[in-house]
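Novice: Once you've had a glance at the structure underneath, I'll fire off some questions.
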Amino acid sequence: MKLLKSLFLLNVRKLLWIILVWVVLVVLHNIIFLLLGNEEFLVFMFIFIIIPLYLIISFIFSLIYLIIFFFLSKPKRIVERPKKEVVKKNKTKKTKRTKVKKERKKKKK
């Protein structure tokens, strides 16, 4: 699957490269025709048969990949971390401040 994905899954970069190769081959075909006066069958075959066929196959593969892996796949579940137990502070525990306040109140009385 990894090989198929790398060969046929279309992205912008790959599409631009295909278009660039196609334009270069068209120009090369025309230059060969002007210089030699005969048709170069191999370049002609690449321009009109192989590259369009590759684009059609890649487009179909990309659509199927998009449908299967993005629309039909289940969303990944996020594993929740266990909650930490919150230890309640003992309210009966007296701090130094409360002790000092109580002592001051006693002294005032």
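The values are calculated or read from the model by the stated rules, or taken from the named source; none is laboratory data. Everything numeric in this text was worked out from a predicted model, so none of it was measured. Every residue, glycine among them, receives a Cβ derived from its backbone with ideal geometry; neighbour counts consider all protein chains shown.
Novice: Restricting the search to the stretch 1-25, which residues are in a helix (DSSP H, G or I) and in contact with a helix residue (DSSP H, G or I) (Cβ under 6 Å, 6 or more places away or on another chain)?
Specialist: Initial filter on the stretch 1-25 (in a helix (DSSP H, G or I)): 2-8, 12-25.
Residues satisfying the conditions are PHE8, TRP22, LEU25.
Novice: I would also like to ask the following. Six or more apart or on different chains, Cβ under 9 Å: which pairs go from a residue in the stretch 91-104 that's on the phi < 0 side of the Ramachandran plot to one that's modelled with pLDDT under 75 and not in a helix (DSSP H, G or I)? Could you list them?
Specialist: What qualifies is LYS102/LYS94.
Novice: Among the candidates LYS106, LYS74, single out the residue that is modelled with pLDDT of 65 or more and assigned to a helix (DSSP H, G or I). Reasoning before the result, please.
Specialist: On the way: LYS74 fails: assigned to a helix (DSSP H, G or I).
Criteria check complete, one pass: LYS106.
Novice: State which residue pairs qualify: first residue within 23 Å of LEU63 (Cα to Cα) and inside the stretch 8-28, second residue of a type in the set (Gly, Ala, Ser) in any location, beta carbons under 7 Å apart, and separation of 6 or more residues or different chains.
Specialist: Between residues of the stretch 8-28 that are within 23 Å of LEU63 (Cα to Cα) and residues that are of a type in the set (Gly, Ala, Ser), the close pairs are PHE8/SER58; LEU9/SER62; LEU10/SER58; LEU10/SER62.
Novice: A further question on this structure: Considering only the stretch 37-65, state which residues are at pLDDT below 90, assigned to a helix (DSSP H, G or I) and loosely packed, with under 13 Cβ neighbours inside 10 Å.
Specialist: Answer for the stretch 37-65, where residues must be at pLDDT below 90, assigned to a helix (DSSP H, G or I) and loosely packed, with under 13 Cβ neighbours inside 10 Å: PHE41, LEU42.
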